[in-house]
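Report on the following structure.
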Amino acid sequence: MNNMIKIQALGINSPFLLLLGLITLCGCDPRFNPIDTEKGRYSVYGTLDIDKDVNYIRVKNLNIPLAHDTLKTLDATVTLENLRNGTSEKLQDVVFEVQGVRLHNYRTTMPINPRTPYLLTIDPTEGKEIRALATTPSIAQTQVIPQQIRCHTDFKIVFDPVDPEAGIQAAIEFEFRNDRYTLRSPLKSYITQQNNKAILQLTPHLVLQLVPQLPAIPSRTLCEQLTSDIFTVSYYHFGPGFRNSTTSDSLDIPGGTADFFGFYTDTLTIELDLESEKQTQ
Amino acid sequence: MVGSVKKRTFCFSTFSKVFVCGLICILGVAPSVNAQEQSTLRVLVKSQEDGTPIAGANVMVLNADTGDRIFGGITDRDGLLDFSNIAPRSYRLQISFVGFKTHSELITLEPGETRVVRVALEVEVGQLDELVVEDEREVTTGEVGLRRISREDIGRVPSPVAGGDLASYLQSVPSVISTGDRGGELHIRGGTPSQNKVLVDNLPIIKPFHISNLFSAFPEYTVQNVDLFAGGFGAEYMGATSAIIDVSLRPGNYKQFNGGGSISPYMASLNLEGPLKRGSHSILLMGRKSLYNQSSAYLLGEEEPPMDFYDLTARYSYQGQNYTCNATGITTHDEGQINPSRSIKLSWRNIVVGGRCVGFAESLNHPIEITAGYSYYTNSETSPDRTERSSTVNQLFFAFDHQESLFGVPIDYGFKLNFRTYKATLAEQFTSFESFDYRRPVVSVFASTVWEPNKYLTVEPSLGSMATIVTAPTFEPRLRMMYQPDGTNQQEISVALGRYHQVASGINDERDAGTVFTVWRPDGEDIPLPEALHAIAGYQQRIGNHFKTNIEGYYKRHYNISVSKWTPIAKLETETALANGTTYGFDIAAEYRNRPFYLSAGYGYASVAYEAASGNLGAWIEEPIFRYSPAHDQRHKFNVTGSYEIGKFTASVRWEYGSGKPYTRVYGFDLRVVVPSEYPIHDAGTARTLYSRPYGQRLPVYHRLDVSVGRTFHLGKHTDLKMEAGAINIYDRDNIFYFDANTLERINQTPMLPYLSLQAQFN
């Protein structure tokens, strides 16, 4: 009313000037929260390796921007429990600092057994606890067929058992003209899953052909250039529940995101019979 | 179905060929058909004061005896209006326009005669009233989807320089959404900037809006009028699926020279116009340069991201007895940053040169219009590592527009040839398509007519088609209808429907408001042509001589919109996926004009939704089809613009309110360790930002008040000095522009921007 009286006193009887005065009072700063604290609280990265005596698991508070993540201790208690026998361990934080960011890695010496579910629990000082489950795989037995493998022999390596969902990953290492080479990614196409077995099937010649870094030489003489007759096959496989994906949602756990798996790795060697092949030729 | 978007263009290929052949036949036959016993009346209206054509003048053809209205219309940008196939007899011709004395004369047309009536309207001294509705004789001006913007309208919106600017005005329109106060991006009724087409005297200009959203290449000084089609436009406009901004520049003064300059903390300008040959040849020149970088630190008291821009306009006009011509040249350049901490330097440039001639001699059955020119546009983005990405479009074009009678029905038809090249250098950012260099000639044809079965109903059907060397001809039928229930323009119901295509898309990373870098790319080869269907219905009511209100509802369905792919990780990467979109809403506007008072208010409700296959889009959600509201889905917008003349002062005010636009929240700041190849105790991991549901939240509401007070001082017989003081965002509200997930910064729009501008004019 006072505003109207003043306006009228000035001889300006314009309602829009009154409106102008009213909305001038509206310049307040709105609340705005761009960070969604409901969707996720922690990320978990680590493997439970059956062969290792000590395993480390990274736990990070997702809601703290990296530049501000300087907490000396995580605001949570982390425990690992063997769900098969009920034993549990409160894990110790080993802080790893990178460019001022404190990374919290939890150390466990709990024995990691095959085909066993392990539950990692993050119990924050405030809010609900968060859980991530990892089941270790069986230790696969391997069988190489046939025993005598020449350059063009179609050989198989049978891994048994292998969880169909998790599959198996392998790499073949060999020495060629005194240099060591490793064939990794292309091998995926030559691994098939049959029930609980995984079978890697190809020929030594094909292995050499699949390595793009090999020097350009006639294909028929590839095997002759091998420095050693030994192929070293390293393989690893995960327990049930492993999904090899790079999108965040596929890694979701309730309350966060995780790459947390049971894991087993081993190697085997294959001795090629190249000498007898030469003699046959 | 969204994931497997069909090439809809080709579904109609057979029909399109039939249509195009039919159209060519019509064009071939049309000139031979002419009703010789009928007459043609052609009216050319100009101002007696400066000799320039008057666009939008009301022309009434009345019964010479009774004074009843027989025909009516408004003049086009050339001040021209053509009535063909009218009965040869006596008529009273009445022409009126705001601020000018009404002209009335008796004419008698002979059978087969084509008469050109040239009228120079005299300025009415002391005439202060706004448009006066003369009972039932006012012709239709309110058309659905169309907003006619006059130079005076542009001048009413406060602007921190001397004189208004089209960019400031457009943001006061409920249908127009800007993404903030920087970037020069305007969304019109759900359409993206690349789905809109800007024409300046028929010459295409891709991005005439400056990096500061307050300015464009079209200041009040150079603009004659603007037609803003927010949708439902006829087939004479081809090549846009959402909206048309058709700008007409004014010619220079044909009678006398005048010039001047202005300065404000944000811009300086110089202008000059006058006759090269009195009455027939004129020139108009204007140049503007921003001073923002020099003044912002002093006036805003904080470090603002740099932005620098200029525009130059030159226009030569010829006005003869039988034809008018003009040659126009415009260049603009913008450079600067949107986000001060990102150090991404953006720049864009337009160069447009062209000419346009309109012939209206008695010897021509109908007016003929020819346009030719060249348009160049480039934009680039330079990262801190000096990696530069750029995209360039060149257009060499020719357009022909004519009118003929076919079986007594007036047919307006035309064709356009547009030789385009698209070139892009994309560095590593755009991983889905590499640098490219395409050449694409585009041919488009159209035909339209106006049918008035009675004094209540006007029907304007039109057909258009467009083709490139890699796309079949499109089929684009369109229809506009106006119904006046009482036979006057006091009430008007209008409807517009149509099908629209465009042959190129502009793609930018819509998730990142910190850059407006856009890659222009032709569609139709690997990617189906973007397409849209429009439906608009409107009702307009005038109450008395001063008050006008209208309501308009609209629906647009867009197909094959190229949108950038998403990744759950915040990084610079833009791949594209196809989405379909639905926009619907309504606008309500009311306007009161009664000098010294002017007030207009508008409210717009809009809903914009896109849908795309989640897999194609890269969305990190479970649903196979992801429906989302894109970043320009502003649901509510309310505007009030007012001006009041107090003595020798004019006060203007504009208040704008907008509801929050969608954005994607962040839920995690992570360092991802790729196990088992990386090990937590040895490897830090890769930084990534994790997003919540895309566009799942809305920003806070936005509102801003701009005010200005100005006065003109007459310093002498030939010198005027106009002073204007004001402020943008006078209550200094922290309106958020966007949240930068990379830097975790809240980027606000411009704080209070005070200004004092001086403008001197000499004549």
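Every read-out reported here was derived from the displayed coordinates using simple, explicitly stated rules and does not represent laboratory data. None of the values given here were measured: they were computed from a predicted structure. As a convention, Cβ positions derive from the backbone with ideal geometry for all residues, glycine included, and neighbour counts pool all protein chains shown.
Annotations
- Measuring nothing but how far apart in sequence close Cα pairs (under 8 Å, 6+ apart) lie, relative to its length, region A:94-234 scores a relative contact order of 19 percent.
- For the pair B:Val443 and B:Tyr374, a Förster radius of 25 Å applied to the C-beta separation gives a FRET efficiency near 0.90, rounded to the nearest 0.05.
- Projected-area mean, region A:128-276, by convex hull of Cα positions, square nanometres: 10.2 nm²
- Ordering A:Arg58, B:Arg420, A:Arg180, B:Arg288 from the fewest to the most neighbouring beta carbons within 10 Å gives A:Arg180, B:Arg420, B:Arg288, A:Arg58.
- Over region B:709-753: Kirkwood hydrodynamic radius from C-alpha pairwise inverse distances, Å: 13.6 Å
- Sites listed here are trypsin sites (Lys or Arg not before Pro) in region A:138-179 whose DSSP assignment is loop and whose Cβ has at most 13 other Cβ atoms within 10 Å: A:Arg177.
- Computed as a quarter of the hull surface, the mean projected area of the alpha carbon convex hull for region A:96-155 stands at 9.3 nm².
- Chain B: relative contact order as a whole-number percent, Cα under 8 Å and 6+ apart: 11 percent
- In whole angstrom, chain B maps to an equivalent ellipsoid with semi-axes of 44, 32, 24, each derived as √(5λ) from the alpha carbon gyration tensor and ordered largest first.
- Peptide packing: for B:195-205, B:470-480, the average count of neighbouring Cβ atoms within 10 Å per residue gives the ranking B:195-205, B:470-480, highest mean first.
- For A:63-70, mean number of other protein chain Cβ atoms within 10 Å: 3
- Using a Förster distance of 35 Å, the FRET efficiency for A:Asn196-A:Gln148 (Cβ separation, nearest 0.05): 0.80
- Across the options B:Ser262, A:Pro65, B:Asn196, the greatest Cα extent toward the positive end of the charge dipole of the protein assembly as shown (unit charges at beta carbon of Lys, Arg, Asp, Glu) belongs to B:Ser262.
- Three-way shape label, region B:194-318, alpha-carbon gyration tensor, a/c 1.5: oblate
- Under 19 Å from A:Lys52, Cα to Cα: lysines that are on another chain or at least 8 residues apart: A:Lys90
- Helix B:13-29 and the longest principal axis of the C-alpha atoms of chain B enclose an angle of approximately 30°.
- Charge dipole magnitude, Cβ of K and R +1, D and E -1 - the protein assembly as shown, Cα centre, debye nearest 20: 1040 debye
- Here A:Lys197 is the anchor, and the lysines within straight C-alpha reach of less than 17 Å, apart from those fewer than 8 places off in the same chain, are A:Lys156, A:Lys188.
- Translational D in µm²/s for region B:249-294 (Stokes-Einstein at 20 °C, 1.002 mPa s, Kirkwood Rh from C-alpha pairs): 187 µm²/s
- Where a label projected 7 Å from the Cα of A:Ser234 along Cα→Cβ would reach, residues of region A:161-178 with amide N under 20 Å: A:167-178
- Exercise: per-residue mean of other protein chain Cβ atoms within 10 Å, A:40-51: 4
- Counting all C-alpha pairs of the protein assembly as shown, share separated by more than 44 Å (%): 46 percent
- Across the alpha-carbon set of region B:609-751, the Rg to Rh ratio works out to 1.25, Rh being the Kirkwood radius.
- For B:Asn225, the residues 5 or more places off, or on other chains, whose built amide H falls under 5 Å of its own are B:Ser248.
- In this structure, the amide hydrogen of B:Lys661, modeled 1.01 Å from its nitrogen in the peptide plane, lies closer than 5 angstrom to those of B:Leu699, counting only residues at least 5 positions away or on a different chain.
- Region B:164-239: Cα Rg divided by the 2.2 N^0.38 Å rule of thumb: 1.04
- Average other protein chain Cβ within 10 Å of Cβ, residues A:121-130: 0
- Rounded to the nearest 0.05, the FRET efficiency derived from the C-beta distance between B:Leu715 and B:Phe71 at R0 = 56 Å is 0.75.
- Euclidean distance of C-alpha centroids, region A:43-119 and region B:47-96, integer Å: 85 Å
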